[in-house]
Amino acid sequence: MSAEASVADSVGTPVVPSSNRRGALLVLAAFFMFSATDAIVKIMAGTMPAPQVTFFVTIAALLLLLVHALATGRLRRLIPRQPSLAFWRALLLAFDTLLIHYAFAKLPLAEAYLIAFLTPILVAMLSFVFLKERLSRIGWAGVLIGFAGVVVALKPGVAPLNLGHLAAFGSAVLFALSLILLRRAKVTETDEALVASLLVVMTPVAFAVAAVSGEPAPLRLTDLGLSVAGGALMLGAHALLVRAFRDGEASVVAPFQYSQIIWGCFYGIFLFATPLELYTLLGAAIIILSGWLVLK
C-alpha cells in the first residue's frame with residue numbers, strides 16, 4: 001500500500017479508532033516477523049560472528065527490495081522525497097542496532113530486553129510533546145501494565161550497572177525517536193522510500209561493524225539460504241512497521257512491541273527447545289490485557 005493511500009496526514013490530523021486498530025494488527029504482524037528474523041540470526045550466529053550475520057541479512061533485504069522494485073517498475077518509489085527525514089530516521093535505527101547488540105554482549109538477554117522495552121513508554125511521552133497525541137488514562141494504564149507483563153515474563157536478575165545498561169537505554173531512546181520521525185513522514189513520502197533509505201544506511205554500518213569484529217566465517221550454502229529468508233522477513237517487517245505507524249497513532253501502536261515476548265517464546269519452543277514456564281504464560285496474558293486496554 002502506498003503512502004498516498006494513508007488514511008490521514010500524520011501531522012495534526014486526528015486518526016479514527018479503526019485506523020488505530022488497523023495499525024495495531026499491522027504492527028503485531030511486523031513484530032512477529034522481526035522475532036522470526038531474530039530466530040534466524042540466532043541460528044546463524046552459532047557458526048559465525050553476530051555482526052557478520054547482521055550484514056548478510058541486511059544486504060539480502062536490500063537486494064530483495066531492489067529486485068522487487070525493478071520487477072514491478074517502481075524503482076523511482078525508492079527515492080525519498082524527504083531525504084533529510086529518511087536519512088535521520090535510518091541513522092537513528094542504525095545506531096539503535098549497534099547499541100542493542102552491545103547491550104546483548106554485556107547483559108543477560110532478559111535485562112537487555114527489559115530496558116529496550118521502555119520504548120513504548122518513551123513513545124507515549126514523546127508523542128505528547130512532539131505530535132500532540134494524548135493517551136487516555138486507560139491507554140496509559142495499558143502501556144504500564146504491558147511493561148509489567150514484560151517484567152513478569154522475563155524475570156530479570158539484578159546485574160551491576162555497567163555500560164550495557166546505558167547502551168540498552170540509549171537503544172530504546174533512539175528507537176522511540178525513529179518511530180516519532182516515522183509518524184512525521186508526510187503522506188507524499190512513499191513507504192518504499194522509507195524502507196529503502198533504512199537499508200541503504202544500515203548496510204554499510206553493518207559491514208563496518210562486521211569488518212572490525214574479527215575473522216569472518218565462511219558463508220555456507222545453508223547460511224546463504226538463511227540470509228535470504230532473514231532478509232525477506234526483515235524487509236516485510238520494516239514495511240509493515242512503516243505502514244502501521246502511518247495508519248495508527250504512535251502512542252497507541254508502539255506498546256504492541258511487547259508482543260515480541262510472546263513470539264520469542266513461540267520460536268524458542270519450536271526451534272530451540274526452550275521450555276515454557278508459568279511466568280512466561282502469565283506475562284503473556286498480562287501483555288494481551290495491556291493491548292486490549294491501549295485500544296480502548
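The values are calculated or read from the model by the stated rules, or taken from the named source; none is laboratory data. This structure is a prediction, so every number in the text was calculated from the model and none was measured. Positions of Cβ are backbone-derived with ideal geometry, glycine not excepted, and every protein chain shown enters the neighbour counts. Only protein heavy atoms, including side chains, enter the accessible area calculation; ligands, DNA and RNA are left aside. Shrake-Rupley method; radii C 1.70, N 1.55, O 1.52, S 1.80 Å.
Figures for the structure shown
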quantity	calculated
Å² of accessible area per residue within the chain, as computed with a 1.4 Å probe and no ligands counted	47
Eligible aspartates and glutamates near Lys155 by straight Cα distance, threshold 17 Å, same-chain separation 8 or greater	Glu111, Glu277
Inter-label distance for Thr72 and Glu277, nm, one decimal - labels placed 7 Å from Cα along Cα-to-Cβ	4.3
Whole-Å distance, taken between Cα centres, linking the stretch 28-68 and the stretch 223-296	15
Average Cα contact separation per residue, the chain, under 8 Å, 6 or more apart, as relative contact order %	43
Hull-based mean projected area of the chain, where the convex hull spans the alpha carbons, in square nanometres	15.1
FRET efficiency, Ser84 to Val151 (Cβ-Cβ, R0 41 Å, nearest 0.05)	0.60
Restricting the stretch 109-182 to trypsin sites (Lys or Arg not before Pro) in coil, as DSSP defines it, with at most 12 other Cβ within 10 Å	Lys132, Arg134
Magnitude of the charge dipole, the chain, Cβ model with Lys/Arg +1 and Asp/Glu -1, debye to 20	580
Accessible carbon and sulfur surface of the chain relative to its total accessible area, %, 1.4 Å	74
